[in-house]
C-alpha cells in the first residue's frame, strides 16, 4: 500500500531514495523541473487540492505518493559494541515519533522499535516532522515488546528505562555498554511488564511546575546524553 508524504524535507529525502511514484505540485513549483528530470509522473493542482489531501497540513506546495516504508528486522540493528536502540512503549503521537526519528538519526542510533498494535505507525506526519530522517533510521514493528527486550538482553544489551521516581539520575549512569533506551507512552509511561525488564531505571530532574516532559523531548535529552558520554 502506497503512502502519501508532503513538505520539502520529506520530498527531498524521498527523491534521494528513489521511492516517489507520482506527485502533485502547485503551478510554478521548482519541483516540476526535478520531477521531469527524474521522469516522475506529476500533476499540477491547486493549493486547495493539496490542503485537502494533506488534511490542511503545511505541505509547502508539494505532495507525493511513495512506496510503502520498509520495516527492518531487529537483527540488522544489533551491534557488538556501543549499540543504541530506541524502544517506544505505546507511543501514540506521530509528532513525537517523527521528532524521535530525527534525533535518532542525528545521534547515529541503530534503530527504533515499537509495538505493532496500539502504537503510532510511520505515516506522512511522521515523515514531515522527521525532516527526512524516516528514510534513514531503521524501524521495526514487533508484536511483543517484553519478548523483544529479552532477546536484546541475550544479545548483550542493557535495558534503560525512564521513571519519575527512579533513584538514579540520567547523568549518573554510564552508557559505555550496548544500550536499549525505553521511552514510555505519553502520559502513562512504560507498562509494568516492560518496566520489569529494565536493568536500570533513570530519572530526569524536574525543577519547575510541570511534572513530566514531552516524550520526544525526554528521548532527545537522553540520546544526546548517551552520545556525549561515549565521546568522553
Exercise. Report yes if residue 9 is out of contact with any strand residue (DSSP E or B) (no Cβ under 7 Å at 6 or more places or on another chain) and either under 30 Å from residue 87 (Cα atoms) or part of a strand (DSSP E or B) (or both), otherwise no.
Key: yes
Quiz item: What is the one condition in (1) exposed (fewer than 15 other Cβ atoms within 10 Å of the Cβ); (2) in contact (Cβ under 8 Å) with a residue 24 or more places away in the chain; (3) more than 17 Å from the chain's Cα centre (by Cα) that residue 71 does not satisfy?
Solution: (3)
Exercise. Consider residue 116 carefully, then state whether it is modelled with pLDDT under 95 and under 11 Å from the mean Cα position of the chain (by Cα).
Key: no
Quiz item: Among the strands (runs of 3 or more DSSP E) contained in the stretch 144-204, which hold 2 or more residues that are at pLDDT below 95?
Solution: none
Exercise. Could you identify the single residue in 56, 35 that is buried (at least 18 other Cβ atoms within 10 Å of the Cβ), outside the structural domain of residue 226 (by TED's automatic domain parsing) and without any contact (Cβ under 8 Å) to a residue 40 or more places away in the chain?
Key: 35
Quiz item: For residue 126, all conditions in the list (1) in contact with a strand residue (DSSP E or B) (Cβ under 9 Å, 6 or more places away or on another chain); (2) under 30 Å from residue 35 (Cβ atoms); (3) crowded, with 22+ Cβ neighbours inside 10 Å hold save one; what is the number of the exception?
Solution: (1)
Exercise. State all residues of the stretch 28-57 that are part of a loop (DSSP other than H, G, I, E, B), on the phi < 0 side of the Ramachandran plot and more than 28 Å from the chain's Cα centre (by Cα); if no residue qualifies, say none.
Key: 29, 30, 38, 45, 46
Quiz item: Quick one: which of 61, 156, 108 is more than 20 Å from residue 3 (Cβ to Cβ), touching a residue at least 24 places away in the same chain (Cβ under 8 Å), in contact with a helix residue (DSSP H, G or I) (Cβ under 8 Å, 6 or more places away or on another chain) and surrounded by fewer than 21 Cβ atoms within 10 Å (Cβ to Cβ)?
Solution: 108
Quiz prompt | Residues of the stretch 121-144 satisfying the condition of being in contact with a helix residue (DSSP H, G or I) (Cβ under 6 Å, 6 or more places away or on another chain) and either under 23 Å from residue 179 (Cβ atoms) or not assigned by TED's automatic domain parsing to the domain that holds residue 178 (or both) | solution = 130, 133, 134, 136, 137, 138, 140, 142
Quiz prompt | Extreme residue, nearest to residue 133 (Cα to Cα), among residues of the stretch 12-27 that are touching a helix residue (DSSP H, G or I) at 6+ places or on another chain (Cβ under 9 Å) and assigned to a loop (DSSP other than H, G, I, E, B) | solution = 19
Quiz prompt | Meets criteria (over 24 Å from residue 126 (Cα atoms), touching a residue at least 40 places away in the same chain (Cβ under 8 Å) and either in the same structural domain as residue 112 (by TED's automatic domain parsing) or in contact with a helix residue (DSSP H, G or I) (Cβ under 8 Å, 6 or more places away or on another chain) (or both)) for residue 162 | solution = no
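The values are calculated or read from the model by the stated rules, or taken from the named source; none is laboratory data. Nothing here was measured: the structure is a model prediction, and the numbers come from that model. Neighbour counts run over all protein chains shown; Cβ positions are idealised from the backbone, glycine included.
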